[in-house]
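As structure tokens, the structure follows; a few thoughts come after it.
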Amino acid sequence: ENRSQTHRTLFLLPVDASAMQEFVTPPPVERGDSVAVVAPASNVPPELSHVYELGLERLRETFDLEPVEYPTATKDPEWLAEHPEERAQDVMDAFEDPDISAVITNIGGNDQIRVLPHLDPDVLREHPTRFYGWSDNTNLACYLWNQGIVSYYGGSTLLEYAMDAEMFDYSVEYIGRA
């Protein structure tokens, strides 16, 4: 196939131009706050639940935060792949909950783009909440950016918080700052 004959399709979601005029940085997370734990991208298989539990423990002990597990947080990867609408609902429910000061993802993945059409941008704009994720969660971070909401790259339950032995000092310092 000739390179000049190669076609690429770019999918763009609608952006509300008025939301782009001013960015909102959600309030900082304080010690003692409740944070939502969600799986909007993927998750680990149930046999690795000890890694997830360590991540929750570190949220409590290292950062003095109270993790609130949303339904997708403990679903297996196959279920998550079949239910993008449920993953979107968890994100929106967490943003709407006045007791939640941040939304923390479990891990990245490879199909979060399927979640975005199920999000209600009005809900997210009306209830800006700190969002932490990386890898496939960049899709959601970009979606929030397009809605005028600042988010944070990094700090997932199954990796940074659940490091073997102990968390890296720089992770504790810089996640704590964010």
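Share of carbon and sulfur in the accessible area of the chain stands at 51%, probe radius 1.4 Å. Of THR157, THR129, THR74, the residue with the greatest mean-square motion in the GNM of the chain, using alpha carbon springs below 10 Å, is THR74. Would you calculate, for the chain, the mean residue ellipticity at 222 nm contributed by helices, counting each DSSP H stretch of 4 or more residues as -39,500 (n - 2.57) and dividing by all residues, to the nearest 500? Result for the chain, helices only: -9000 deg cm²/dmol. Assuming charge only on the beta carbon of Lys and Arg (+1) and of Asp and Glu (-1), the dipole of the chain about its Cα centre is about 760 debye to the nearest 20. With 0.36 nm allotted per residue and the present C-alpha distance subtracted, the GLU47-GLU30 stretch has 2.9 nm of extension available. For the chain, the relative contact order comes to 29 percent (Cα pairs under 8 Å, sequence separation of at least 6). With each label modelled as a point 7 angstrom along the Cα→C-beta vector, the ASN110-ASP64 pair spans 4.2 nm.
Report the FRET efficiency, 1/(1 + (r/R0)^6), for ALA165 and PHE23, where r is their Cβ-Cβ distance and R0 is 45 Å, rounded to 0.05. Mind dumping the intermediate values first?
Working: r = 38 Å, r/R0 = 0.84.
About 0.75, to the nearest 0.05.
Applying 1/(1 + (r/R0)^6) with r as the Cβ-Cβ distance of ASP97 and TRP145 and R0 = 22 angstrom yields a FRET efficiency of 0.50.
Inter-part distance, segment 129-178 to segment 94-108, computed on C-alpha centroids, equals 11 Å. Given a 10 angstrom Cα cut-off, can you work out which residue in ALA39, ALA94, ALA81 is the most mobile in a GNM of the chain? Of the options given, ALA81 has the highest mean-square fluctuation. R0 = 30 Å: FRET efficiency of VAL123 with GLU57, Cβ-based, nearest 0.05? FRET efficiency, VAL123 to GLU57: 0.45. Once the convex hull of all Cα atoms in segment 73-170 is built, its volume per residue stands at 106 Å³.
The values are calculated or read from the model by the stated rules, or taken from the named source; none is laboratory data. Note that the structure is a prediction, hence the values are computed from the model and not measured. Glycine also receives a Cβ, built like all others from the backbone with ideal geometry; neighbour counts cover every protein chain displayed. All accessible areas refer to the heavy atoms of the entire protein, side chains included, with ligands and DNA or RNA removed. Shrake-Rupley method; radii C 1.70, N 1.55, O 1.52, S 1.80 Å.
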